[in-house]
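Chemist: What follows is a structure written as C-alpha cells; I'll ask about it next.
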Amino acid sequence: MLFTRKQFSCLAIVFTTSFMGSFLISSVNLALPEIESEFNIEAIKLSWIVTAFLLSSAMFLLPSGGLSDRIGVKKFFRFGIIVFVLSSLIASLSPNADLLIASRFLQGIGAALTSATGPAILVSSFPPQHRGRVLGYSAASVYMGLAFGPFVGGFITQYAGWRMLFYISTFVGLVVAILAFLHLGEENIEINNSKRPSFKGMALFMPGLLIMVYGSSEIPSIAGWAMLFIGAFMLLMFWIVESKLETPLFNTKLFTKNKLFAFSNLAALINYSATYAIVFLLSLYLQKIKALSPRDAGMILIAQPVVMASLSPVAGRLSDKFQARYLASIGMGLCALGLFGFAFLTESTPIWLIVILLFNMGLGFALFSSPNMNTIMSSVEKQHYGTASGTSATMRVIGQMTSMIIVTLFFAGFFANESIKNVPNQVFLNAINWGFACFAIICVVGIYFSFFRGKINRIDA
C-alpha cells in the first residue's frame, strides 16, 4: 500500500499524538511512588493523578466528537494539541499535588480533543478497503507509547525525576503542534453547519460524571454513596434528554437503531473497564511487594504493550478480510484468562509468570482493539465519522475511568486514607487480588457483546 504525501502526513501526525498520550499515561504510572513520597499524599489522592486525566477526557470527548462534525475535525485536533502542550508545562512545574491533579485534568481535555478527531481524520483520508490497516497503525502507535512508557518512564523517573516526563511531553507536543498547523491541511469532509447543536444534555452529562467519580473516592461514607447514585441518575437523564433533541451532541439513535455500532462500543467500554488498571496495579505491586526500582518494574511491564504494538496492525489487516467479531471475541477471552491469572498474585509469584500473563494480555488486546475500532467506524456514514470516533473514544475513557473507580473502591475498602507504602503487604495484596477478580468477571461479560454484535457491512465501500 503506497501513501500519498497528504495521507502520510495525516498518519504521521495522528500517530505521534496518539503515541505521546499513551506514553505519558503509562510512564506516569511508574512515577506514582516517587510522586507519593515527594508530596506525602494518601493512596486515594494518588489515584486522582490518573483519574483526573481520565475524568476530563470523558467529560469533553462527547461534545468534541459532535461539534467536530459541524465545525471541523482538524480544527479541533489542532486546538487539542495546544491545550495538551500548555497543561504538560504546568504539570512539570507543579509545586504540590493539587496543582498537578488540576494540570492533569486540563491535559485530559487536550487529549479528548485529539482522541475524538484523530480516527475521523484517518478514515476520511484513506479508502474503505484500507481502513482496518490504517486504524491498526494508529492503534499500534498507542501501544508503542504504552510499551516505551514503562521502560523509558521508569528510567527517566529513577535518574532524572518524574517532572522530566512532563518536560519531554511539552517539547514533543510543541513539535507536533507546529507540524499539524503546517501539514495537516484543510477539512476534506463536508462540514454540517445547518443547525446548531444543543448543549442541554451536556449540562447533565459533565456534572453528573464529575459527581459520580468524586463520590466513588468518598466511599464508604454515606455522602460518597449518595454522590455516586446522584451522578448515575444525572447520566440517565442525559440519555433521555439527548434522545429527544433535534440536534443532539450525542446521537442516541446510533445506539438504538444500529446494533453493530452499539454492541461494538459496549464491548470497548467493557474491555477497557477490565484492563486499564493493570499497569497501575502492577507498577505498585512490583515496586512495593517485589521491591523493584521504577526502571526494573518498567522492564517487566513493557511485555504487554510490545505484543500489542507488534500485532495490532496484523489484527487490523485481518479485520479487513474477516468478520471482526471473531477476532475481537477471541481477544476478549484471552484478556479474561489473563486477568484471572493476576487475581492469584502473591509475594512469591515468580516474575516469569507475570511476564507470561502480560504477553497473554497483549495478544488478547491486540486481537480485540483494531478489529473493534474498524467495526465502529465502518458502521456509520461519513457525516457521522466525528461522532463515531468521539463516541468510541468516550467509551474507551469511561471504561478506563471505571477501571480506576473500581480500584479506588477496593483501596478505600481495604486501607482507606493510608498511603500505599505504609499498608501491610498482605492487605495490599488482598485489595489487588479482589480487583483483578472483579475485572476478569467483567471481561467475561464483554465476550457476549463482542460476539453477538453482528456482521460488518461497509456502507461506503
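The values are calculated or read from the model by the stated rules, or taken from the named source; none is laboratory data. The structure presented is a predicted model; accordingly, all values stated were derived computationally and were not measured. We place every Cβ from the backbone using ideal geometry, glycine too, and count neighbours over all the protein chains shown.
Chemist: Which ones in the stretch 231-266 are outside any helix (DSSP H, G or I) and out of contact with any Asp or Glu (no Cβ under 6 Å at 6 or more places or on another chain)?
Modeler: Listed by number, the residues that qualify are L245, E246, T247, L249, N251, K257, N258.
Chemist: Further, regarding this structure: Under the condition of being part of a loop (DSSP other than H, G, I, E, B) and touching a residue at least 24 places away in the same chain (Cβ under 8 Å), which residue from the stretch 417-448 is farthest from Y285 (Cα to Cα)?
Modeler: Checked the stretch 417-448; the qualifying residue farthest from Y285 (Cα to Cα) is N417.
Chemist: Determine which single condition L182 fails, assuming it passes every other condition in (1) in contact with a helix residue (DSSP H, G or I) (Cβ under 6 Å, 6 or more places away or on another chain); (2) modelled with pLDDT under 80.
Modeler: Checking L182 against (1) in contact with a helix residue (DSSP H, G or I) (Cβ under 6 Å, 6 or more places away or on another chain); (2) modelled with pLDDT under 80, the one that fails is (1).
Chemist: Quickly run through the stretch 91-111 and pick out the residues that are hydrophobic (A, V, I, L, M, F, W, C), outside any loop (DSSP other than H, G, I, E, B) and over 16 Å from A177 (Cβ atoms).
Modeler: A91, A97, L99, L100, I101, A102, F105
Chemist: Now, a different point. Kindly check whether there is at least one residue in the stretch 420-432 that is modelled with pLDDT under 75 and more than 27 Å from M308 (Cβ to Cβ).
Modeler: Within the stretch 420-432, not a single residue is modelled with pLDDT under 75 and more than 27 Å from M308 (Cβ to Cβ).
Chemist: While we're looking at this one, here's another question. Are any residues in the stretch 210-221 modelled with pLDDT under 85 and either surrounded by fewer than 14 Cβ atoms within 10 Å (Cβ to Cβ) or assigned to a helix (DSSP H, G or I) (or both), and if so, which ones?
Modeler: Hits for the stretch 210-221 are M212, V213, Y214, G215, S216, S217, E218, P220, S221.
Chemist: Shifting gears a bit: Taking the condition of a type in the set (K, R), outside the structural domain of F415 (by TED's automatic domain parsing) and over 21 Å from the mean Cα position of the chain (by Cα), does K259 pass?
Modeler: no
Chemist: Separate question: Residues in the stretch 285-305 that are touching a residue at least 40 places away in the same chain (Cβ under 8 Å) and surrounded by fewer than 24 Cβ atoms within 10 Å (Cβ to Cβ): how many?
Modeler: Number satisfying all stated conditions: 12.
Chemist: What's the number of the condition G338 fails, among (1) within 22 Å of G145 (Cβ to Cβ); (2) not assigned by TED's automatic domain parsing to the domain that holds I156?
Modeler: Failed condition: (2).
Chemist: Looking at the stretch 400-419, which of the residues that are modelled with pLDDT under 85 and either in the same structural domain as G224 (by TED's automatic domain parsing) or among the small types (G, A, S) (or both) is surrounded by the most Cβ atoms within 10 Å (Cβ to Cβ)?
Modeler: Among them, the one singled out is A412.
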